[in-house]
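Visitor: Sending over a structure as C-alpha cells; questions will come in a sec.
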Amino acid sequence: MDALKARRPVPQSLNGLSGLHALRREPDQFAMVENFVRFAKDDDPAFLRHAFSRICGRDPTSAERLGMEFDLRRGVLKRRDVVKRIVAIARRDGKTAYWDTLLPEDDDDTHDLPDASNANITPSGLLVNPDGQAMLVLVREVENVGWMIAPDLLCQPLQINDGNWTVQSGWLLTGPKRSMAEGDWLLDLDIIQPQTAKLDIEIVANSGLDFLQVMTLVGSFSGTVCMAIKREHRFIELRVRIHERSPEDRWLRPRNISMRRVS
C-alpha cells in the first residue's frame, strides 16, 4: 500500500503512450549490485533465479545455475561477482545491460580490469568543450559530412532523404544508459521539424523510475534546458519519441542533441 500511495503520477506528456506501465515494468537489464546481493541472503538458488529473471529476462540454464551455485558455496565467487557475470551473460544474449553500485570505492575490494558493462565507464562521445565542461554528444550534424550519432542510440533505421531523417511514430532515440557525474547538467537541443509535428523528450534515471526532465516539442526548437543529476540517479537515459504524423510530415533534422555539465 505504501508503494501504491507513493508512486509517481504519469507525466502529462506520456499519457496515452502504448506499453506504458506506471506500476509494472519489463525486465530492465540495469543491475544495482547491492540490491541483488541482499536478496534471499541464505538462499543462493533463489538469488540466482531472481538475478537472471531481472537482468536476462529468463531463468538460468542448468549449467549456469549449478556452476554458480557451486562457486558461491565454495566461496570462490562473491554475489557481486555473480551479478556482474550475469550482466555479461545478458550482453552476450544481445541485451543492453549494465551494472552499477552506490557503495564507496573503499568498500569494494575488487579491482578488475576495465569492464564495458560498468555503467560508470565513460561513454563514447564524452568530450571536453573549450570552456572545460564535460560534454556528451548524442547526435550532431557535421556540415558537408553527415551526423555524429552515439552508439546504441538509434531505435529506428537511419534513412536520410533530402538532408532530413525519415521517421516513424514511436521511439527514435534511447541512450546512453550510463551513470553520469553528479551535478547540474544542460541539455542542448537544435531540432528542425514540421510546424505542427510533435515529439517527446525525456531524461530519465534508474530505468525510468526517476524523471529528470520531460517535455513535448511542437515544431522546430533550439534552446537549452537544465536538470540536476544526483548521486542516486544511475543509468541516465535520453528518450526521444515521435508522435503520429501525416505522411508528408514524417521527417526530422536533428542538428544538435548534447549534454554538458556546468557544476
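Rule-based calculations on the coordinates, nothing more; no lab input. Fair warning: this is a prediction, and the values are worked out from it, not measured in the lab. Methodologically, a virtual Cβ is constructed for each residue, glycine included, from the backbone with ideal geometry; neighbour enumeration extends over all protein chains shown.
Visitor: Could you tell me the calculated FRET efficiency between E141 and D43, based on Cβ-Cβ distance and R0 = 45 angstrom, to the nearest 0.05?
Guide: Once the sixth-power term is evaluated, E becomes 0.25.
Visitor: Using packing as a proxy for protection, rank 156-162, 84-90 so that the peptide with the highest average count of other Cβ atoms within 10 Å comes first.
Guide: Top of the packing list down: 84-90, 156-162.
Visitor: Please list, or write none, the lysines whose alpha carbon is within less than 25 Å of the alpha carbon of K95, excluding same-chain residues fewer than 8 places away.
Guide: Leaving aside lysines fewer than 8 places away in the same chain, those within reach of K95 are K78, K84, K177.
Visitor: Hey, for a label at Q168 modelled as a point 7 Å past Cα toward Cβ, could you say which residues of region 231-260 have their backbone N under 18 Å away?
Guide: Backbone N within reach: 240-252.
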